[in-house]
Amino acid sequence: MRQEGKKFIVDAMLGRLSRWMILLGYDAVYFRGQTDKELLEKALEEGRIIITRDTRLVENRPQKQMLLIRSTQFWEQLRQVVEAFPMNFRDTILTRCSICSVLLEQVDLESMRGEIPIKAREQATELFRCPCCGHLYWDGTHPIHIMKQLKENLGNIFE
Ligand SMILES: [Zn+2]
């Protein structure tokens, strides 16, 4: 069950999948480069599993560190990842920066309250910061909205 140590690189055509993998807590980076060679090199260098829809890439370079996404439908794509690499999502969801994919650090909400939008101040009970880019994250409507979408679309996994 423990997949927490695994790292992923998501192929350029799967941007939405890459964003949602990070929301779920996967250590995933989105590949913005051009060539298959670059993708393979980066994956090897950083020890990342390749997530791709490119059948040719998977056929030409048979190696275990790849997952070929079968569906063109986004929620089926995410379901395939979640089933192939299950995690304890209750613990991992929304723990990473959606920009950098690094783990967030909890910071003191009271002393930072002035840094977040007025509307969010009343709702927020916890505050987190990305150690890489400094972006702030708090609880409130965004996490609720995300959980709602997961339950609606991948119900049996996120009940
Ligand atoms: Zn960041």
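Assuming R0 = 35 Å, what is the FRET efficiency of Ala12 and Asp139, from their Cβ-Cβ distance, to the nearest 0.05?
Numbers: r = 32 Å, r/R0 = 0.91.
Rounded to the nearest 0.05, the efficiency is 0.65.
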For Val102, Val81, ascending order of other Cβ atoms within 10 Å (fewest first) is Val102, Val81
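Considering only DSSP beta bridges where both residues belong to the chain, give the percentage that are antiparallel (nearest 5).
Working: 7 of 17 bridges.
Rounded to the nearest five, the antiparallel share is 40 percent.
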Report the per residue volume, in Å³, of the convex hull enclosing the C-alpha atoms of region 105-153. 88
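Within region 1-106, report the trypsin sites (Lys or Arg not before Pro) that DSSP leaves as loop and that have at most 14 other Cβ atoms within 10 Å.
Values: sites: Arg2, Lys6, Lys7, Arg16, Arg19, Arg32, Lys37, Lys42, Arg48, Arg53, Arg56, Lys64, Arg70, Arg79, Arg90, Arg96; in loops: Arg2, Lys6, Arg32, Arg48, Arg53, Lys64, Arg70.
Loop-located and lightly packed - Arg2, Arg32, Lys64, Arg70.
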Distance in nm between Asn88 and Ile157 label points, each 7 Å along Cα→Cβ, equals 1.8
For the chain, divide the Cα radius of gyration by the Kirkwood radius and give the resulting Rg/Rh value with two decimals. 1.01
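Under unit Cβ charges (Lys, Arg +1; Asp, Glu -1), what dipole magnitude, rounded to 20 debye, does region 105-153 have relative to its Cα centre?
Details: 6 positive and 8 negative charges, 44 e Å.
Result for region 105-153 is approximately 200 debye, rounded to the nearest 20.
Dipole size in debye (nearest 20) for the chain around its Cα centre, Lys and Arg Cβ +1, Asp and Glu Cβ -1?
Details: 23 positive and 22 negative charges, 84 e Å.
Using only the charged Cβ atoms, the result is roughly 400 debye.
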For a quick check, take a GNM of the chain with Cα springs below 10 Å and name the residue from Gly15, Gly140, Gly114 with the largest mean-square fluctuation. Gly114
Distance histogram in 10 Å bins (all Cα pairs of region 1-55, percent per bin): 26, 56, 18, 1
Tell me which residues come under 5 Å, amide H to amide H, from Lys7 once H is placed; ignore anything under 5 positions away on its chain. Ile49
Mean 1/r over distinct Cα pairs of region 7-92, inverted to a Kirkwood Rh in Å, yields 13.0
In the Gaussian network model of the chain, springs joining C-alpha atoms below 10 Å, which of Ser101, Ser18, Ser111 carries the largest mean-square fluctuation? Ser111
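Every number in this text was worked out from the coordinates using simple rules, so none of it is lab data. Worth saying up front: this structure is predicted, and the values here are computed from it rather than measured. Reconstructed Cβ throughout: ideal geometry from the backbone, glycine too, with neighbour counts over all protein chains shown.
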